[in-house]
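Student: Quick one: the structure is below, questions incoming.
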Amino acid sequence: MAYRGVDDFKHSQQDLTGVLITNLGTPDEPTPSALRRYLKEFLWDPRVVEVPRPVWWCILNGIILNVRPRRSAAAYREVWTEAGSPLMLHTEEQTRQLRQRLQSHFGQNVMVEFAMRYGNPSISSVIERMQKAGVRRLLVLPLYPQYSGATSASTFDAVAEDFRQRRWLPELRMINHYHDFPDYIEALAASVERHWQQHGRADKMIMSYHGVPKRYLMQGDPYFCECHKTSRLLAERLQLEPGQWMTTFQSRFGREEWLKPYTDETLKGLPAEGVKSVQVICPGFSADCLETIEEIGQENRDYFLEAGGERYEYIPALNADVQHIDALEKLVLNHLQGWEINTEIDFAQRQKIAQAQGAER
């Protein structure tokens, strides 16, 4: 196997510390062909769908990729903006602000970029750019507050697969969850309180998270427990009584049982229990995307109102809110400790030694 190096590498190049922010991903455009490419990469990941590959290949290529891309493209067109995908725009802005914060601490010694687990920019392409720039220490921050094998571990898989092909590996650290990080909880609470100041409170707050098959929980995935801990800490911070809030799970597909209670079924049933107003927040999403805007903001709203509910409000994701960036900055600084980021190294001397051995640069 030929390992990848840097073709124009210079021994005098400054060593940098890199921070790589990642999120799930988005299609390049809201068209069936773009959705087919995106869904093929996403749904073929064995971390996402744990079904034997031959069986899943037939289902994915024979049924799903012939039906779902057109339907998904229509949904994406509903949320697409002139500037592009909401998730892409929010992630770009989060990265820009975090870069500004970290460079205020470390100057140009730190490089902050973002990548998507599926779609573009890919993790491999961004690591390539960072390596060429001289990144020798890499901190990876997947923007998934709660750990799951289907998200955080899949991100590690992509990083590790890229590293398998490289000659010079950077030191690696990865933040695999921050579900109970106090500053994150505080940022969530502040967003709820701002919403209350504008709109008042509702009968019940629903804290909805992306669902996964129940089987994952039974096999040791901590996601379910971390979601419930986030909810509990947020409810405590907001001083909510037990009957004023609940945790639910959205976005299931297939016939297998997923984590319960289901968000859609919960919202369909609440009006019959006397709950006429709800506010829904998604503490597992760092940025608004198709799933929060369309599924939670529109589809589930219709379920609740059609069932007799009178008032439904979605509290947006934290996106690039200043307190969210504050929390991410503190989280990253905590995990950078021990790396001598501002240490001066005599790179000219390193080059001189290498040239003595025959290196050209």
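Throughout, read-outs are computed from the coordinates displayed, never taken from laboratory work. Being a predicted model, the structure only gives us computed values, none of them experimental. Cβ atoms come from the backbone with ideal geometry, glycine included; neighbour counts cover every protein chain shown.
Student: Between T248, T26, T266, which gets the highest mean-square fluctuation from a Gaussian network model of the chain, Cα cutoff 10 Å?
Tutor: In the Gaussian network model the winner is T266.
Student: Using only Cα atoms, tell me the angle between helix 86-106 and the longest principal axis of the chain; keep it within 0 to 90° and round to the nearest 10.
Tutor: The angle comes out at about 50 degrees.
Student: Could you point to the label whose value was computed as volume of the Cα convex hull per residue in Å³ for the structure here, given (i) 161; (ii) 127; (iii) 187?
Tutor: (i)
Student: Then there is this: With an 8 Å Cα cut-off and a minimum separation of 6 or more residues, compute the relative contact order for the chain in percent.
Tutor: 22 percent
Student: How big is the gap, in Å, between the Cα center of the range 222-288 and the Cα center of the range 17-78?
Tutor: So the separation of the two Cα centres works out to 25 Å.
Student: Quick one: 3J(HN,Hα) in Hz for the range 215-223, Karplus 6.51/-1.76/1.60 with θ = phi - 60°, rounded, Gly and Pro as x.
Tutor: In residue order, the calculated couplings are 3, 4, 4, 5, 9, x, 5, x, 4 Hz.
Student: Please determine, in degrees from 0 to 90 and to the nearest 10, the orientation of helix 123-133 with respect to the longest principal axis defined by the Cα atoms of the chain, where the helix direction is its Cα long axis.
Tutor: Once rounded, the angle reads 30 degrees.
Student: If you don't mind, there's one more thing I want to ask. What is the sum of charges, Lys and Arg at +1 and Asp and Glu at -1, for the other residues whose Cβ falls under 15 Å from the Cβ of E294?
Tutor: -3
Student: Next up: List the chymotrypsin sites (Phe, Trp or Tyr not before Pro) in the range 208-273 that DSSP assigns to loop (not H, G, I, E or B) and whose Cβ has at most 14 other Cβ atoms within 10 Å. Which are they?
Tutor: Counting only loop positions with at most 14 other Cβ atoms within 10 Å, the chymotrypsin sites (Phe, Trp or Tyr not before Pro) in the range 208-273 are F253.
Student: Treating the angle as unsigned and between 0 and 90°, give the value, to the nearest 10°, between the Cα long axis of helix 347-356 and the longest Cα principal axis of the chain.
Tutor: In the chain, helix 347-356 runs at an angle near 50 degrees to the longest axis.
Student: Hand me the GluC sites (Glu not before Pro) from the range 80-187 located in a DSSP loop with no more than 12 other Cβ atoms within 10 Å, in residue order please.
Tutor: Qualifying residues, ordered by number: E82.
Student: Ok, one more. Please compute, for the alpha-carbon atoms of the range 84-231, the extent along each of the three principal axes and give them in descending order in Å.
Tutor: The principal-axis extents, from largest down, are 57, 41, 31 Å.
Student: Among N66, N109, N23, which one moves the most in a GNM of the chain with springs linking Cα atoms closer than 10 Å?
Tutor: In the Gaussian network model the winner is N66.
Student: OK, next. Sort M218, M174 so that the residue with the fewest other Cβ atoms within 10 Å of its own Cβ comes first and the one with the most comes last.
Tutor: The order, fewest Cβ neighbours first, is M218, M174.
Student: Counting only residues 5 or more places away or on other chains, whose amide H sits under 5 Å from the amide H of F249 once H atoms are built in the peptide plane?
Tutor: It is Y209, Y262, T263, by chain and number.
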